[in-house]
Amino acid sequence: MVGVGHFQRLWSLIAGLSARGVPVHVLTHGGCRSLVEQAGGRFVDLFAGHTLESADDASLPIPARSVTFAGRYGEEIARMVADLDPGLIVHDTFAVIGRVVARILDIPRVNVCAGHNAAPQRLLAELATDPRVRISERCLEAVEILRTRHGLADASPFSYVSGLSPDLNLYCEPPEFLSAEERTVFEPVEFYGSLPGPDYPRPEAVAAPFQPRAAGRLNVYVSFGTVIWGYYAADALRILRTLAEALDQEPDVSAVISLGGAKLTDDERAALRRARVSVESYVDQWRILERADVYVTHHGLNSTHEAIVQGVPMLSCPFFWDQPGLARRSQELGVALPLLREPRGRLTTAEVATALQALRRRRTELGAALERARGWEREVMAARPRILDRLVALSS
């Protein structure tokens, strides 16, 4: 829909299928056009006729608006897609429109799972009591259309978490991140990983905020991504202020806080800056992780696996949705240590200092676990050609 991080996970699919000579029409927003074309795909503006806001500018969480979009404009989008003569629909779970179009056109679909262990039954139960939820009348009307006109018996304002496909689901992590019991929810499933691959076009190299890694110094990178600022800005600022104060007290630390593009006031930024702590609106995360020794993270899916591939141990600071579960699993696998005791919990400077001490003490152990997990990432990427062949077969 509109999440760049979600699109990034689809990039290697577009590139891989295009390299096989398969025409890949990519329906998304204009901000991704260049990336689509660099992957060999054919860009189609999903929002040329109707924006997400024209469908619904009120429902919360924001992904519920993709349900409204699918209900209100599903038939119109399906007619546009039919002209492309598709044999297969591949869609991110949040892109409810993909499920609806596949239903209308009666063709198979592949769902690309959005999130860690995003089991629909559990997420739907959590959303039923989520204090963020505000569902508009437009969304409720769209849900009724999805149920009665398009036959989606399970349609709800939260259909953006329940779009598993009976044809195939692509899971965006190595299989080791799920237990055997957890995997059954996503069957039929292939494990594809979340990294876009070495050919993914990245911006030109920029001056890194860190010096190269060196003994006797810790380069600490702090980022909570982009999505949390739309829901939990006050909590994020509170935690970042504690982190900035604590990191500035560590004589061997150089720290960078990335705001993920969040628009803070001058006073809010000033409250985070310290002698040993710089604050950036946005950084090239891939490149900064090349020089980081520690990553204080919310455990977004892409961020977690980028850190693993770069061999960077993590301190877990989850906020909501799949992040607490991915934090726990990362700790169980030995690639992260806990920082917050609960999502969006209280944090003290003493707890930050204790976590850094534990990380220094366990660097060898963490390094070995990261190397093992990097092997899993390589294995899922090596399996991609076989999975792409399976997609081609489904489209026939």
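The values are calculated or read from the model by the stated rules, or taken from the named source; none is laboratory data. Here the structure is a predicted model, which is why all the values come from computation and not from measurement. In this analysis, Cβ positions are derived from the backbone assuming ideal geometry, glycine residues included, and neighbour counts consider all displayed protein chains.
In the set G225, G261, which member is within 21 Å of the chain's Cα centre (by Cα), surrounded by fewer than 16 Cβ atoms within 10 Å (Cβ to Cβ) and assigned to a loop (DSSP other than H, G, I, E, B)? None of the other options fit; the residue is G261. Among residues of region 186-216 being touching a strand residue (DSSP E or B) at 6+ places or on another chain (Cβ under 9 Å) and either in the same structural domain as A19 (by TED's automatic domain parsing) or modelled with pLDDT of 95 or more (or both), the one that is surrounded by the fewest Cβ atoms within 10 Å (Cβ to Cβ) is E187. Residues in region 46-78 that are of a type in the set (K, R) and either surrounded by 24 or more Cβ atoms within 10 Å (Cβ to Cβ) or outside the structural domain of A155 (by TED's automatic domain parsing) (or both): 1 in all. Considering every residue within region 342-357, establish whether at least one is assigned by TED's automatic domain parsing to the domain that holds L315 and on the phi > 0 side of the Ramachandran plot. Yes, region 342-357 contains a residue that is assigned by TED's automatic domain parsing to the domain that holds L315 and on the phi > 0 side of the Ramachandran plot.
None of V312, V380, V392, V352 is among the β-branched types (V, I, T) and assigned to a loop (DSSP other than H, G, I, E, B) except V312.
For first residues located in region 177-195 and closer than 15 Å to P120 by Cβ, partners that are of a type in the set (K, R) and surrounded by fewer than 21 Cβ atoms within 10 Å (Cβ to Cβ) and lie 6+ apart or on another chain with Cβ distances below 8 Å form the pairs V189/R183.
Hey, does region 376-385 have a residue that's aliphatic (A, V, I, L, M) and touching a strand residue (DSSP E or B) at 6+ places or on another chain (Cβ under 6 Å)? Looking through region 376-385, at least one residue is aliphatic (A, V, I, L, M) and touching a strand residue (DSSP E or B) at 6+ places or on another chain (Cβ under 6 Å).
Report yes if some residue within region 108-124 is in a loop (DSSP other than H, G, I, E, B), modelled with pLDDT of 95 or more and in contact with a strand residue (DSSP E or B) (Cβ under 6 Å, 6 or more places away or on another chain); otherwise report no. Yes, some residue in region 108-124 is in a loop (DSSP other than H, G, I, E, B), modelled with pLDDT of 95 or more and in contact with a strand residue (DSSP E or B) (Cβ under 6 Å, 6 or more places away or on another chain). Candidates are the residues of region 128-150 that are surrounded by 14 or more Cβ atoms within 10 Å (Cβ to Cβ) and without any contact (Cβ under 8 Å) to a residue 60 or more places away in the chain; the one that is farthest from C172 (Cα to Cα) is L140. Per the listing A234, A153, the residue uniquely in the same structural domain as P324 (by TED's automatic domain parsing), exposed (fewer than 13 other Cβ atoms within 10 Å of the Cβ) and under 28 Å from I62 (Cα atoms) is A234.
Scanning region 34-41 finds one or more residues that are without any contact (Cβ under 8 Å) to a residue 60 or more places away in the chain, assigned by TED's automatic domain parsing to the domain that holds V100, among the aliphatic types (A, V, I, L, M) and under 23 Å from P198 (Cα atoms).
Quick one: which residue in S159, S136, S194, S165 is in contact with a helix residue (DSSP H, G or I) (Cβ under 9 Å, 6 or more places away or on another chain), of a type in the set (S, T, Y) and closer than 22 Å to H298 by Cα? It is S194. Return the residue satisfying two criteria in turn: it lies in region 264-301 and is in contact (Cβ under 8 Å) with a residue 12 or more places away in the chain and small (G, A, S), and of such residues it is surrounded by the fewest Cβ atoms within 10 Å (Cβ to Cβ). Across region 264-301, the extreme among qualifying residues is A275. For region 36-45, the set of residues classified as assigned to a helix (DSSP H, G or I) and surrounded by 22 or more Cβ atoms within 10 Å (Cβ to Cβ) consists of V36 only. Here V227 fulfils each of the conditions (1) closer than 17 Å to F94 by Cα; (2) assigned by TED's automatic domain parsing to the domain that holds L391 apart from (2).
Criterion applied to R99, R109, R134 was being over 28 Å from L13 (Cα atoms) and not aromatic (F, W, Y), and the one residue passing it is R134. If you go through region 138-182 and keep only what is of a type in the set (S, T, Y) and either over 17 Å from the mean Cα position of the chain (by Cα) or on the phi > 0 side of the Ramachandran plot (or both), you end up with T148, S156, S159, S165, S179. Every listed requirement among (1) in contact (Cβ under 8 Å) with a residue 24 or more places away in the chain; (2) under 27 Å from W229 (Cα atoms) is met by R341 save one, (1). In this structure, does R183 turn out to be surrounded by fewer than 19 Cβ atoms within 10 Å (Cβ to Cβ) and either in contact with a His (Cβ under 6 Å, 6 or more places away or on another chain) or assigned to a helix (DSSP H, G or I) (or both)? Spelling it out, R183 is indeed surrounded by fewer than 19 Cβ atoms within 10 Å (Cβ to Cβ) and either in contact with a His (Cβ under 6 Å, 6 or more places away or on another chain) or assigned to a helix (DSSP H, G or I) (or both).
Among the residues that make up region 26-34, is at least one of them crowded, with 22+ Cβ neighbours inside 10 Å, hydroxyl-bearing (S, T, Y) and assigned to a loop (DSSP other than H, G, I, E, B)? Among the residues of region 26-34, not one is crowded, with 22+ Cβ neighbours inside 10 Å, hydroxyl-bearing (S, T, Y) and assigned to a loop (DSSP other than H, G, I, E, B), which makes the answer no.
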